[in-house]
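Peer 1: Take this structure, written in structure tokens, and hold onto it; I'll ask about it next.
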Amino acid sequence: MKTVRISQRPEPDRSLPIFNQIHGVLARIYASRGVTDLEGLGRNLTQLLPDQQMKGLDQAVERLKHALHVGESILIVGDFDCDGATSTAVMLLALRQMGAAKVSYLVPNRFEYGYGLSPEIVAEALHDKPDLLITVDNGISSIEGVAAANAAGVDVIITDHHLPGSVLPDACAIVNPNQPGCEFVAKSTCGVGVVFYLLIALRRALQQDWFEQRGIAVPNLASLLDLVALGTVADVVALEQNNRVLVHQGLQRIRAGHCRPGIRALIELSGRQLAKLNASDLGFAVAPRLNAAGRLEDMSIGIECLLSDDEAVARELAQMLDNLNQERKGIEQEMQQQALQLLQQLQLSDTDLPYGLALYSEDWHQGVIGILASRIKDQVHRPVIAFAPGDAGQLKGSARSIPGFHIRDGLDAIAARYPDLLCKFGGHAMAAGLTIREVDLALFQQAFADEVQRVLAPEALEQILLTDGRLKADELNIELAQLLREAGPWGHQFPEPLFEGEFSLLQQRIVGQRHLKMVLMEPQTGLALDAIQFNADMELWPNTSVNRVRVVYRLDVNEFRGQRTVQLLLDYLQPL
């Protein structure tokens, strides 16, 4: 359903310092990602960008200092995804460690209130009579919600990372690296990263006397980096150096066993090993279980799992999250089948598909449309919006995009062209949420397809697999595989190394339900290598008529019964 082209990254400048500092293959990989020397690989906390660059931090710190000094009641308003859950947990845990006696949280139920600090959520929050509201991972678009809080005499501090609109809320402080005039260069910092920076500044401003007078230890905020790493990876933000520092430090703590009981329980349930956890494990094994609460039930289950200091309670909550995730998978699979049927009705060939797809079924679940949009986007390689029934007469949509089309800007352009078409929207380059009226679906579908086609050239709809070239036979070894594993963290815009090659296909069989296990042979030397492709196309494989293949793969270490061997994890498999 999509066209795939394999392309090798440009050969980097071999005169860069990094080529004289580390293994040649690794140097080539780093250089192709913009790292020119070892300093650019620094992962120590001392190399974090200074918090003083972040606009709004001083005002937020002063307001929080006042709240702590006079013992105000603080209410954290979170969000229902993994970034929102970790942001809520980090803020609450740190404020308690700093002496806040009255601090609690509230997360909007996505099915009742939707996203952000809405006037309805403010009304709900006022039942607890807070003196101060702090948003985490939301709020930058909450004009009406902040106005409602102000009218009730409650101050609001906004911490967020999403792109702002043309008008900012009238909050007493806004901390967001993407707001106008902010000089903090790591614009990809996610919600939990913004919270972490605010807390660093607050701890410094309180000074030693504050903690000594109250007989409490100065909090070690590094102890919360496991949560920061989880939220950063889960939100799929660009892993520029500042984010890599946060993720690396959090992973180091997790691997050493210094993590929240809830994170430990979720890792164990996923079948991963604590000591060997990597960034992709956080993204593909831990985050989905946490996100399942916000998708199907109430994210407070996930937050309580992260907050719990009791191992038994954390395990019980993690099991609830795992059960919800299994339920989510079942719902998603059914929705995906329905979406594929819709696609078949839309197209006779790839060229018949609109440039941008907006799909809807009255049977779809609001909490799962984001995953659905992502899955369909991966299949057709074009921007996709999945809609589900919302409030009376409305549809709620979740959008996912591809490189070259900024989805929030695209929605903004549609809103400018059709002022009454979108009830509300928000998001960033690769993901967004929106609400439209059900009667406007057909008009929106056409407007969306037109806008994507206006921006994207036809060749942008061809998926390009960028590889790091070929490995020589003597480089297909356990030492390089281990080196690459430890060289991360890898993630969005700092991708894990991908290699390409042609091999003889010696053996093939299905393991599990749909994983293709193979033995490949390097043609020049006869070296035999284990390989696996997860979720293989069962209509094409196994195929006994194929004896040569072209593959795109990741070099990995397979551990089985105490034996460690090289394994190729295939991202792409083409018969030759």
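The values are calculated or read from the model by the stated rules, or taken from the named source; none is laboratory data. Since we're looking at a predicted model, the values are computed, not measured. So basically every Cβ, Gly included, is an ideal-geometry build from the backbone, and we count neighbours across all protein chains shown. The area values use the complete protein model at the heavy-atom level, side chains included, leaving out ligands, DNA and RNA. Shrake-Rupley method; radii C 1.70, N 1.55, O 1.52, S 1.80 Å.
Peer 1: Hey, could you check region 13-65 for residues that are part of a loop (DSSP other than H, G, I, E, B) and among the hydroxyl-bearing types (Ser, Thr, Tyr) and say which is farthest from the chain's Cα centre (by Cα)?
Peer 2: Selected residue: SER15.
Peer 1: For region 11-50, give me each residue that is modelled with pLDDT under 95, open to solvent by less than 40 Å² (accessible area, probe 1.4 Å) and under 19 Å from TYR197 (Cα atoms).
Peer 2: Passing the criteria: only GLY42.
Peer 1: Just to verify a result, which residue in region 216-254, among those that are open to solvent by 70 Å² or more (accessible area, probe 1.4 Å) and not polar (S, T, N, Q), is modelled with the lowest pLDDT?
Peer 2: The qualifying residue modelled with the lowest pLDDT is VAL236.
Peer 1: Kindly provide the set of residues from region 68-94 that are in contact with a strand residue (DSSP E or B) (Cβ under 7 Å, 6 or more places away or on another chain), surrounded by 22 or more Cβ atoms within 10 Å (Cβ to Cβ) and farther than 30 Å from GLN366 by Cα, ordered by number.
Peer 2: Scanning region 68-94 gives a single hit, ILE74.
Peer 1: Shifting gears a bit: Name the residues in region 428-457 that are in a strand (DSSP E or B), open to solvent by 20 Å² or more (accessible area, probe 1.4 Å) and modelled with pLDDT of 95 or more, would you?
Peer 2: ARG437
Peer 1: Restricting to region 281-306, and then to whatever is touching a strand residue (DSSP E or B) at 6+ places or on another chain (Cβ under 9 Å) and closer than 17 Å to ASP226 by Cα, can you tell me which residue is least open to solvent (accessible area, probe 1.4 Å)?
Peer 2: ILE303
Peer 1: Find the residue count for region 256-278, including only residues that are at pLDDT 95 or above and within 16 Å of the chain's Cα centre (by Cα).
Peer 2: Within region 256-278, residues that are at pLDDT 95 or above and within 16 Å of the chain's Cα centre (by Cα) number 0.
Peer 1: For GLY488, are the conditions met, namely being more than 30 Å from CYS423 (Cα to Cα), at pLDDT below 95, of a type outside the set (Phe, Trp, Tyr) and crowded, with 18+ Cβ neighbours inside 10 Å?
Peer 2: yes
Peer 1: Do the conditions hold for LEU133, that is, is it in contact (Cβ under 8 Å) with a residue 24 or more places away in the chain and over 28 Å from ALA392 (Cβ atoms)?
Peer 2: So LEU133 fits the description; yes.
Peer 1: Evaluate the following for ASP298: is it acidic (Asp, Glu) and either at pLDDT below 95 or touching a Phe, Trp or Tyr at 6+ places or on another chain (Cβ under 6 Å) (or both)?
Peer 2: So ASP298 passes the test.
Peer 1: Out of everything in region 458-480 that is assigned to a helix (DSSP H, G or I) and acidic (Asp, Glu), what residue ends up being farthest from GLN8 (Cα to Cα)?
Peer 2: GLU479
Peer 1: Could I ask something else about it? Could you tell me how many of the residues in region 1-10 are exposed (fewer than 14 other Cβ atoms within 10 Å of the Cβ), part of a loop (DSSP other than H, G, I, E, B) and either touching a residue at least 40 places away in the same chain (Cβ under 8 Å) or of a type in the set (A, V, I, L, M) (or both)?
Peer 2: The total comes to 1.
Peer 1: How about region 118-161: which of its residues are within 25 Å of VAL237 (Cβ to Cβ) and open to solvent by 30 Å² or more (accessible area, probe 1.4 Å)?
Peer 2: Matches in region 118-161: SER141, ILE143.
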